[in-house]
Structure formats: C-alpha cells, structure tokens
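Notes follow once the structure below has been shown.
The values are calculated or read from the model by the stated rules, or taken from the named source; none is laboratory data. Keep in mind that what you see is a predicted model, and the values were worked out from it rather than measured. Cβ: placed from backbone, ideal geometry, glycine included. Neighbour counts: every protein chain shown. Protein only, heavy atoms only, side chains kept; ligands, DNA and RNA dropped before computing areas. Shrake-Rupley method; radii C 1.70, N 1.55, O 1.52, S 1.80 Å.
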Amino acid sequence: MKTVHTFSILFWIRRKKIQDGKAPVYARVTIDGMRSEISIKRSISLCNWNPKKGMAKGNKEESKMLNDYIELVRNQIYDCYQQLQQQKKSITADAIKRKYLGQDTKEHTLISVFEYHNAHMHSEMTTETGKGYYTTLKYVKLFLSEEMKTNDLFLSQLNYKFLMDFQMFAKTSEAIERNRPCNQNGAIRHIKRIRKVVNMAIKNEWLERDPFVKYELNFDKFNRGYLTADELARIESKEVHQENLTFIRDIFVFSCYTGLSFIDTFNLSQESISIGIDGGEWISIEREKTDNPVKVPLLSKPLSILKKYKDHPKCKNKNRLLPVYSNTTMNIQLKTLAKLCDIEKNITFHMARHTFATTVTTTNGVPIESISAMLGHSSIKTTQIYSKIVQSKVNEDMATLRAKLEKGYKSTKVAKAG
C-alpha cells in the first residue's frame with residue numbers, strides 16, 4: 001500500500017454557520033488531494049480571523065488562547081498521521097479524522113466487503129448473477145495483484161483513478177481468463193458490480209465518501225443481433241441427432257416465440273401458465289431481472305414445445321416446464337447449432353429475445369406497445385433498442401403507402417376525366 005503521501009492541515013471558519021456573530025473554526029485535513037473536515041469546537045468573530053494565516057488576529061488574550069489551541073490541534077492531527085504511518089495502516093483524510101476523534105475502529109477492505117456481499121446476498125441472486133459477482137471479484141484480485149502489487153485495498157482508498165485503471169485493466173490485460181480481455185461493455189458490467197458492493201458499504205456506514213461520484217458508466221452502443229425469418233426457419237427444421245442439442249434447439253426456439261430471457265425460461269413452472277381473455281394459454285410471470293409483470297400468449301410453436309417436454313424427467317422432478325441447461329452450456333451448444341444450419345452469426349440465448357422483438361413481432365406488424373408489454377419493459381424506449389424496424393418491414397410499409405397513394409391518384413384522374 002502507498003507509503004508516501006501529500007499531507008496538509010488548514011484551519012478555516014465556516015461562514016454559513018454563524019451564530020451570535022461568531023463562526024465555527026474547522027481543521028481541514030488533506031491527504032493525496034482528498035479532504036476531511038474536523039470541527040475543533042471553537043468559534044470566532046469574522047473580523048478577528050485571518051484567513052490567509054488560518055489563525056486569530058491580534059494580541060488579545062482571546063486570540064492568543066484560540067491560536068494556542070489551534071496549534072495543539074495541529075500537533076494532535078500530525079501525531080495521528082505519524083501513528084498511522086508507524087502502524088502501517090491506510091492513511092487517508094477520513095482515517096486521520098477517525099483517529100483524532102477516537103473512532104479509529106478496524107477499517108473495512110474492498111475484498112472483505114466483496115466477499116461479505118457475495119456470501120450474504122447469495123440467496124437473493126440467481127445462479128448466473130452470482131457467477132458474475134464471483135468473476136468480478138476474481139478480476140479485482142487480479143488487478144490488485146498485477147497492477148497495484150497488493151492483495152487488498154481499504155475502502156477509503158477507492159477513488160476515481162482506481163475505477164478508471166480497473167476499467168482499462170479489464171479491457172487490456174492478458175491476465176483475464178483465457179487471454180480474452182473484456183470489451184467496453186463487459187468492463188462496465190464489472191464496474192457496476194463493484195458499485196453495488198460499494199453502495200452496500202456506504203449504507204452500512206463502512207465508507208463515508210462515494211468514489212463513484214465523478215464516474216460515469218458509458219456503455220458502447222451496438223447493433224443487437226437477431227435471426228432473420230429464414231435463419232429461424234433453418235434452425236426449426238434442421239434435423240438434429242444429438243438429444244442434448246435437440247433440447248437446446250427447442251428451448252431456444254421457444255424463447256424466439258415468447259421473448260423470455262434465459263432466467264425466465266429456466267424458472268418456468270406449471271404455475272407460470274394461465275388462461276387468457278381469449279380462452280387460450282398464456283405465460284404469466286414477473287421478470288426475474290426487474291419484477292415487471294409479463295403476459296405472453298402461447299403461439300402454436302411454443303405450445304407444442306411445452307407439450308413435447310411435459311413428461312420429461314428433468315421437468316417432472318423439478319417442477320419445470322422445460323429441461324433448461326446452464327446459460328453457458330446453452331450458448332456453447334447454440335454455436336454448434338449455428339454451424340449445422342450454416343448461420344455465421346454469433347448466436348447466444350439472448351438473441352432469441354431480440355428475434356422475438358424483431359422477426360417474430362415487429363416484422364409481422366405487432367405494435368411496439370404490445371411488444372413492450374410482452375417483453376416486460378417499463379419504457380417504450382427500452383423496447384426500441386430491441387425492436388428493430390428491419391428493412392423488409394420498411395419495404396412492406398412503403399409498398400402499402402405507395403399503393404394507397406397511387407390508388408388515390410388514379411381516382412382523382414378518373415374523376416377529372418368524367
């Protein structure tokens with residue numbers, strides 16, 4: 001941990017807290033550009049304060065006593081700084097303040113708080129979400145070891161530079177698993193998890209200052225992949241001889257026609273099915289990610305897939321509607337399926353959700369408001385990211401418009417001729 005610091009003590013008065021013509025005096029401790037303020041429990045008239053020297057003016061007894069006390073406080077604060085150095089503890093402005101005030105209890109570290117979060121929040125996270133936090137913790141440990149040459153960091157040492165350096169590390173370091181550094185959005189997802197852990201520490205009063213105040217989460221915008229009608233048809237009709245791959249193909253197609261995410265597909269049970277206002281069967285759930293309600297009518301293809309697996313042992317034993325594998329396994333096998341179908345796109349399970357929003361619904365004229373409701377979005381703006389107006393739909397709409405305009409033009413021409 002850092003042993004050389006910039007350190008200063010400044011005394012000043014807080015003019016906004018004037019009472020009876022006097023302002024309270026504060027000591028401002030600054031370590032490496034970070035400040036912490038300590039009330040010294042003394043006040044002085046504005047006219048008797050010298051702001052440049054940080055002390056009382058004149059030779060009156062009252063001024064001498066205050067200046068003597070300021071010097072005493074200065075020495076005590078400096079002693080706190082030296083004690084932290086000798087004890088090889090984290091030296092921050094907040095740490096010095098706590099020591100001066102007698103509040104210097106054991107300081108929490110980033111790794112210990114991260115591990116606390118993962119252990120105590122385990123029951124509230126899905127399996128995939130939990131894996132994400134464990135991966136982020138692994139990358140943080142790698143970063144501390146490779147870049148900062150330490151195995152841990154006090155929470156009070158977190159700052160904007162740490163976050164920016166970690167982001168760059170995640171994007172460029174070959175120490176990342178399989179020598180595959182993250183892209184911008186992958187790095188930001190790790191930062192988001194660190195932010196959640198830090199927010200937990202702040203709520204528990206383990207950290208006074210939020211290191212994310214100046215940090216902005218900037219995701220790169222990119223075109224979300226989806227399958228065309230031809231590609232989806234190829235996957236549906238492909239003869240697959242491997243049983244496991246057949247399961248995965250069917251579950252993927254099911255999501256293409258329902259718009260469900262992986263975790264919501266995984267969680268489907270008999271209780272997820274209800275009878276809709278049309279008398280048919282509907283999926284009626286709350287999204288795992290947002291708790292937003294989702295109601296999707298079961299079209300013939302997803303309905304037939306549910307019937308196909310009704311008596312599957314994995315479904316009957318675990319009260320599930322589909323024999324869903326892990327998200328990682330699904331994504332690996334979907335790449336195999338893509339090759340079998342001569343599809344060059346990098347297919348992932350989440351692409352099924354995009355396909356539902358574009359090829360299955362938008363292209364077939366389903367209004368965006370209905371798509372938004374079926375996807376469980378809180379805002380139409382979110383749906384617009386998924387629901388692309390594909391070129392074929394634009395061509396179809398413009399052809400309809402052209403026909404209407406030409407019909408109107410011919411009608412006008414005939415009327416004039418008459």
In this structure, is ASN159 over 20 Å from the mean Cα position of the chain (by Cα), open to solvent by 30 Å² or more (accessible area, probe 1.4 Å) and in contact (Cβ under 8 Å) with a residue 40 or more places away in the chain? no
Please go through (1) under 27 Å from GLN384 (Cα atoms); (2) open to solvent by 10 Å² or more (accessible area, probe 1.4 Å) for ILE235 and return the number of the only condition it doesn't satisfy. (2)
Residues that are closer than 30 Å to ASN267 by Cα: find the helices (runs of 4 or more DSSP H) completely inside region 85-156 holding 1 or more of those. 110-120, 127-146
With the first residue restricted to region 301-316 and required to be more than 14 Å from LEU268 (Cα to Cα), and the second required to be open to solvent by less than 40 Å² (accessible area, probe 1.4 Å) and charged (D, E, K, R), Cβ contacts under 8 Å at 6 or more apart or on different chains are LYS308/ASP250
Listed by range, helices (runs of 4 or more DSSP H) wholly within region 316-390 having at least 2 residues that are open to solvent by 50 Å² or more (accessible area, probe 1.4 Å) are 327-340, 368-375, 380-386
Scan region 23-53 for residues that are among the basic types (Lys, Arg), in contact with a helix residue (DSSP H, G or I) (Cβ under 7 Å, 6 or more places away or on another chain) and more than 12 Å from VAL73 (Cβ to Cβ) and jot them down. ARG35
Go through (1) out of contact with any strand residue (DSSP E or B) (no Cβ under 9 Å at 6 or more places or on another chain); (2) closer than 23 Å to ALA95 by Cβ for ILE176 and report which single condition fails. (2)
Being assigned to a helix (DSSP H, G or I) and farther than 18 Å from TRP12 by Cβ is the filter here, so list the residues in region 32-67 that pass it. GLU61, GLU62, LYS64, MET65
Test: ILE77 is part of a loop (DSSP other than H, G, I, E, B) and among the β-branched types (Val, Ile, Thr): no
Against the definition (out of contact with any Cys (no Cβ under 6 Å at 6 or more places or on another chain), β-branched (Val, Ile, Thr) and part of a helix (DSSP H, G or I)), how does ILE191 come out, yes or no? yes
Could you count how many residues in region 1-25 are hydroxyl-bearing (Ser, Thr, Tyr) and open to solvent by less than 60 Å² (accessible area, probe 1.4 Å)? 1
Which members of region 199-243 meet the condition of being within 30 Å of LEU340 (Cβ to Cβ), modelled with pLDDT of 90 or more and not in a loop (DSSP other than H, G, I, E, B)? ALA229, ASP230, GLU231, LEU232, ALA233, ARG234, ILE235, GLU236, SER237
Identify, please: which residue in region 26-56 is under 28 Å from ASP210 (Cβ atoms) and open to solvent by 90 Å² or more (accessible area, probe 1.4 Å) and is, among those, nearest to the chain's Cα centre (by Cα)? ARG35
Let me confirm something: among LYS335, LYS345, LYS310, which residue is basic (Lys, Arg), in contact with a Leu (Cβ under 9 Å, 6 or more places away or on another chain) and closer than 23 Å to GLU128 by Cβ? LYS345
State which residue is modelled with the lowest pLDDT when the search covers only region 162-193 and only residues that are open to solvent by 70 Å² or more (accessible area, probe 1.4 Å) and among the polar types (S, T, N, Q). ASN179
Assess whether ALA23 counts as being farther than 30 Å from LYS149 by Cβ, aliphatic (A, V, I, L, M), within 43 Å of the chain's Cα centre (by Cα) and outside any helix (DSSP H, G or I). no
Residue that is under 17 Å from HIS5 (Cβ atoms), open to solvent by 30 Å² or more (accessible area, probe 1.4 Å), at pLDDT 90 or above and out of contact with any His (no Cβ under 6 Å at 6 or more places or on another chain), where the choices are ASP68, ASP79: ASP79
Can you tell me which of THR136, THR127 is under 30 Å from ASN327 (Cβ atoms) and open to solvent by 90 Å² or more (accessible area, probe 1.4 Å)? THR127
Sort through SER284, SER274, SER304 and tell me the only one that's out of contact with any helix residue (DSSP H, G or I) (no Cβ under 8 Å at 6 or more places or on another chain), hydroxyl-bearing (Ser, Thr, Tyr) and not in a helix (DSSP H, G or I). SER274
Every residue in region 245-263 that is outside any loop (DSSP other than H, G, I, E, B), open to solvent by less than 30 Å² (accessible area, probe 1.4 Å) and in contact (Cβ under 8 Å) with a residue 40 or more places away in the chain, please. LEU245, PHE247, ILE248, ARG249, ASP250, ILE251, PHE252, VAL253, PHE254, SER255, CYS256, PHE262
